[in-house]
Amino acid sequence: MKTAYIIAALIISTALGFTMWAFSNSMTPYVNIKQARVSSTPVQVRGKILRKTGRLPYYDNKENALRFWIEDANKEQIEVVYKGAKPEAFDTAPETAAHGLVRDGKLYSDSLVVKCPSKYEGEKSPYQKKKSEGTT
Amino acid sequence: MKEPAQELSQIADKLGFSILWSCVVFAILSIVLYIVWHFRTPSRAIKVASRASYALSALSFLAMTAYLGYLVYARKYQYSYVWQHTGNDLDFWWYRLAATWSGQEGSFALWGFWAAIIGFLVMWKAGKYETYVMPIYVSMLAILALILIKQSPFLLVAPLTPAEIALHPNYVYPPPDGLGLNPSLQNYWMTIHPPTIFFGFASLLVPFVYAVAALMKKDYEDWVPRVMPYALLSCATLGGGLFMGGYWAYETQGWHGFWAWDPVENASFFPWLAITGLVHGLVVQKSRGGMVRTNLFLGIFAYSLFLIGTFLTRSGALAQEDANGQLLSVHAFANLQSSALFFLVLMLAVYWGGGTLLWLIRLRSIPVRPTLGDHPVSRDMALFVSVLLMIVACLLVTLGTTTPLLRSWTHQTPWQPKSSFYNTVMLPITLMIALGIGIVPWVAWRRTNPATFLRKLVVPWILMLGFGFFMVFWARNAQFALEQVFDPTDTGMTETMRAWKDSRTLQRLSVVSLSALGFLAAISNSMLAYRVFRAKPLNAGGWLAHVGIGVMIIGISVSNTYERTQRVVVMEGEPAKEVFGYKIAFEKMTGKLIAGRPINPDYDMSNAVQLRVTPPNAENIEAKDGAKTFLVEPRWFVHNKHKAPTEDKFERMRWPHIDKYFGHDFYVGLANDPVFVFPTAKGEEEGVTFQLKEKKRLGSYTVGYFEQFGEPGKLMGAHFVMVGEDAQVISAYPALQILREENGEGMPNMSMLPKNIEIPELKDKSGRPGIIYLDKIDPATKAATVRMSLPGMEGKWAIPLEITFKPWINVVWIGILVAVLGALLAMVRRIVEARTIKDSTSLTPPKFEVWETPEG
């Protein structure tokens, strides 16, 4: 069993060290818009997707990019230029976390995480209310 | 007065709960009777009663699932669950039934459904283990029933009170239609993926109960042959289920990939790693008698991991946002209610905690075989290392998935590792696993003569080197091809590409070594599988599974590294765009126009954007029917168009088109919804701006802005007059409705009145009506900006595409299929072997089988 234990110890310790290294490597800092504007490495910014006249999300077919504005917790706003397939839930999503880099005052993003709203949230259906009958 | 129909449904509702309670009651009865049986000299009556109680409990659960299936199929919309998960637009009977497991409660029901069925098999085959395994087994069923009582699919939609009905004039009860099944689930994989993967999950319970039984009995050998068929069944069905999920995502979700290291995917992946580790450990124990403690641990751990995964994905632990608002998963999580969650946590604590505690207590009394693995080049060692690697991989994936939770518990900012983390840590592990699989056919149990070993390895080694050299050149070409589409200034490049750019030498080295080792694994195991198959067909299963894994490793490393993605916009009526040598041109939109919404064709699932593709070597193609081109139809459709009140509330769904070839897939996805581009007047960026009373010549029409109308705070409109060459005068009244709800930055939120967009009197050649779209009106000067599409000056569709060239993707699918078939074959072998188990044999020392040795 001795050889086996030595090999096991080797594998586990290597895996552990390698994991720590990979772990710290894959971390993307999470910042607000103000910090994102001065960052030279990719960051993640989270914000509310604005949907009002003048700031509506639209598809820019010249750049082949989805463009929209987000507003962070400090009420600061930035335009996001997203080059990638539009997430399925984007149209109804209230918020997004965009991964990317700010250039010329715009956040060029390559990945969006979109929070799915629960189905038909906010729309008033008379059947929405649940009631239990005969439960314990 | 209640209507009779409503009265019936109240009764029916109670029926669902009664069946669930009957499951719980008979389960408890069964546990009690089994305990009595265990501690007293069993009478025939006790035996029959114990088994009958289990049967009744299991049948109750099956009946409950069948009843739920019936309610969903029969569209009983008075049930909240039914109302939420299906709808009248669901036609195909299989989808109507499959909607049963589209929700949280339904998936718990599916889990219990399989557990109940597998339980009969366990009870029938358990022999002297029956009084140990069955009480634990049936208790699981009871907890599942309790979860469904707390989080019930049998709740009714509440009827409104008369006062509330007054607010909803069109109110009817029961609801006439449901919310419908999410279109991404309306796919044939939906009908087969959840049942398969939940069968795999449910079957994990069997190794768990046997491991616990073995610990209680202090009989650590006899459970091995009994549990082997079940472990292989779990391994095959979970593996198959994972594959189906991946294929589903690849085909319909438009991910351009099949695996994203998402928590939901990981939660089904780590139990698979544990159960596959157990399968290998059991083989060692059966053949050489070692790894007893590891196997008992893995038997308990595999099922516990499934429970942990269920907890992570159902509890909302990962759905929460952290302090920074990091969003943790792309999957939508529906959270369990806290009372149902309580049972889930209880289950986790009792089964995982209890099992592990028992294992720790018994740890010292479990025999260790000192001779195992004392020789580095032996099959014992190879299997020992492979099990260890699988455990390490399993822990890493578990760790990565639970990171957000662990960090929030330690009051750090929760953060989730990106897929690059998993790709990086899995690379060395996969390399070692591929090497291990590649050499294990040529090592014997206990000890191998190094000279013999090396001699046997010569042929596979040479073949591997040949393949490796081929890969070096292939990768070089693939890299050139990748470089052509690679724009270093583009921040929108994918993660794979960025990783590749950062370290192209390392990347190429990894791909070549990984695929070469995968090839070694495939070739070595095929050689042995062929030989074993000719002697004893059933014994070839394990080797065949290894062939599949080797092939899959080649496929994954190549297809993920050398996929190429390019984004283009194809315009209606413009020359074709060239991507990877394919020329792509707009053919037509196949949807019907919605009246009043002419730029929003009424897409349902069978409609599509049609594009004509000319393949790279079109000139050389021997045209069969004269067609050197083909059509692709990435689909784009609106799935709540009947329910959404306004156009901006439409939910749109995009499905990619995959053109399959032997060596690659040509994957055409819509990068965004198609955009209707309006023509612009000279010198203007967007639309056409008119001053009041101004006239302009647009196309073959003279268009004049006649007057502005509206109501302050409610409506702003403009009256336009168009005069064509035949002197026909047409009026249009585009208007903007001012919505009160959202109002930021002093700008009113306005939406176009849909019925005023279309000008039906004007039709162009393709039958599209004239369109006038009011962008804005300046309240002070009354200047109006409009977008127009008129005959002679038509707007056109812009189709944003994301096209991926995926090489060798079929290799992945072939590998997985072979691996699953191999595991199933191995299961058949172990079932045949398990038939010979007699309950009395456990007193004799276990006989270790002699495996097919390479010397033979």
Notebook entry, point to check: Of all residues in region A:69-86 being surrounded by 18 or more Cβ atoms within 10 Å (Cβ to Cβ) and in contact (Cβ under 8 Å) with a residue 40 or more places away in the chain, which is nearest to the other protein chains (Cβ to nearest Cβ)?
Noted result: A:Asp72
Notebook entry, point to check: Out of the residues in region B:589-618 that are without any contact (Cβ under 8 Å) to a residue 60 or more places away in the chain and open to solvent by 50 Å² or more (accessible area, probe 1.4 Å), which is farthest from B:Glu758 (Cα to Cα)?
Noted result: B:Asn617
Checklist line | Sole exception among (1) among the small types (Gly, Ala, Ser); (2) touching a residue at least 24 places away in the same chain (Cβ under 8 Å); (3) more than 13 Å from chain A (Cβ to nearest Cβ) for B:Ser184, by number | finding: (3)
Notebook entry, point to check: When you go through (1) more than 14 Å from chain A (Cβ to nearest Cβ); (2) out of contact with any strand residue (DSSP E or B) (no Cβ under 6 Å at 6 or more places or on another chain); (3) modelled with pLDDT under 85; (4) over 28 Å from B:Ser287 (Cβ atoms) one by one for B:Leu482, which number turns out not to apply?
Noted result: (2)
Check: Applying the selection to region B:146-170, what residues are within 9 Å of another protein chain (Cβ to nearest Cβ) and touching a Phe, Trp or Tyr at 6+ places or on another chain (Cβ under 9 Å)?
Finding: B:Ile149, B:Lys150, B:Ser152, B:Phe154, B:Leu155, B:Leu156, B:Val157, B:Ala158, B:Pro159, B:Leu160, B:Glu164, B:Ile165
Margin query: Could you go through region B:531-542 and let me know if any residue there is under 12 Å from B:Ala434 (Cβ atoms) and either β-branched (Val, Ile, Thr) or in contact with a helix residue (DSSP H, G or I) (Cβ under 7 Å, 6 or more places away or on another chain) (or both).
Written below: no
Check: Of A:Ala97, A:Ala9, A:Ala89, A:Ala15, which residue is among the hydrophobic types (A, V, I, L, M, F, W, C), open to solvent by less than 50 Å² (accessible area, probe 1.4 Å) and under 30 Å from B:Arg369 (Cα atoms)?
Finding: A:Ala15
Item checked: Subset of region A:39-65 (residues that are aliphatic (A, V, I, L, M) and free of Cβ contacts under 8 Å to residues at least 24 places away in the same chain) -> A:Leu56, A:Ala65
Margin query: If I filter region B:667-680 for residues that are open to solvent by less than 20 Å² (accessible area, probe 1.4 Å) and away from chain A (no Cβ under 14 Å), do I get at least one hit?
Written below: no
Margin query: So if I check each of B:Gly257, B:Gly290, B:Gly241, which one is small (Gly, Ala, Ser), under 29 Å from B:Lys806 (Cα atoms) and within 14 Å of chain A (Cβ to nearest Cβ)?
Written below: B:Gly257
Checklist line | Residue identified as open to solvent by less than 70 Å² (accessible area, probe 1.4 Å), small (Gly, Ala, Ser) and either within 8 Å of chain B (Cβ to nearest Cβ) or more than 15 Å from A:Leu112 (Cβ to Cβ) (or both) among A:Ser24, A:Ser39 | finding: A:Ser39
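Here is a yes/no grid of residues against (1) in a helix (DSSP H, G or I); (2) touching a residue at least 24 places away in the same chain (Cβ under 8 Å); (3) open to solvent by less than 10 Å² (accessible area, probe 1.4 Å); (4) in contact with a His (Cβ under 6 Å, 6 or more places away or on another chain):
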position: B:Ile143; (1), (2), (3), (4): yes, yes, no, no
position: B:Val172; (1), (2), (3), (4): no, no, no, no
position: B:Ala211; (1), (2), (3), (4): yes, yes, yes, no
position: B:Ala214; (1), (2), (3), (4): yes, yes, yes, no
position: B:Leu232; (1), (2), (3), (4): yes, yes, no, no
position: B:Cys235; (1), (2), (3), (4): yes, yes, no, no
Next item on the list: Please find, within region B:388-429, the residue that is modelled with the lowest pLDDT out of those that are open to solvent by less than 40 Å² (accessible area, probe 1.4 Å), under 26 Å from A:Asp110 (Cβ atoms) and among the β-branched types (Val, Ile, Thr).
Entry: B:Thr403
Next item on the list: Please state which one of A:Ala89, A:Ala93 is hydrophobic (A, V, I, L, M, F, W, C), at negative phi, under 15 Å from the mean Cα position of the chain (by Cα) and facing chain B (nearest Cβ under 8 Å).
Entry: A:Ala89
Check: Quick one: is B:Leu399 within 8 Å of chain A (Cβ to nearest Cβ) and not small (Gly, Ala, Ser)?
Finding: yes
Check: strands (runs of 3 or more DSSP E) wholly in region A:37-84 with at least 3 residues that are modelled with pLDDT under 85 - which ones?
Finding: A:43-49, A:58-60
Note to self: Which of the strands (runs of 3 or more DSSP E) found entirely inside region B:720-827 contain at least 3 residues meeting this: modelled with pLDDT of 80 or more and in contact with an Asp or Glu (Cβ under 9 Å, 6 or more places away or on another chain)?
What the structure shows: B:769-777, B:784-789, B:796-807
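Each row is one residue, and each column tells you yes or no for (1) in contact (Cβ under 8 Å) with a residue 60 or more places away in the chain; (2) under 21 Å from B:Leu465 (Cβ atoms).
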| site | (1), (2) |
| --- | --- |
| B:Asn525 | yes, yes |
| B:Phe533 | no, no |
| B:Val547 | yes, yes |
| B:Ser559 | yes, no |
| B:Glu572 | yes, no |
Margin query: If I filter region B:291-300 for residues that are open to solvent by 10 Å² or more (accessible area, probe 1.4 Å), at pLDDT below 90, of a type outside the set (A, V, I, L, M, F, W, C) and in a helix (DSSP H, G or I), do I get at least one hit?
Written below: no
Checklist line | Residues of region B:114-127 satisfying the condition of being within 15 Å of B:Val212 (Cβ to Cβ) and in a helix (DSSP H, G or I) | finding: B:Val122
Check: Does B:Leu344 satisfy the condition of being at pLDDT below 90, of a type outside the set (Val, Ile, Thr) and part of a helix (DSSP H, G or I)?
Finding: yes
Notebook entry, point to check: Condition test on B:Tyr247, is it in contact (Cβ under 8 Å) with a residue 60 or more places away in the chain, surrounded by fewer than 23 Cβ atoms within 10 Å (Cβ to Cβ) and outside any helix (DSSP H, G or I)?
Noted result: no
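The values are calculated or read from the model by the stated rules, or taken from the named source; none is laboratory data. The model shown is predicted, which means the values in this text are computed figures rather than measured ones. Here the Cβ is made from the backbone with ideal geometry for all residues, glycine too, and neighbour counts use every protein chain on show. Only protein heavy atoms, including side chains, enter the accessible area calculation; ligands, DNA and RNA are left aside. Shrake-Rupley method; radii C 1.70, N 1.55, O 1.52, S 1.80 Å.
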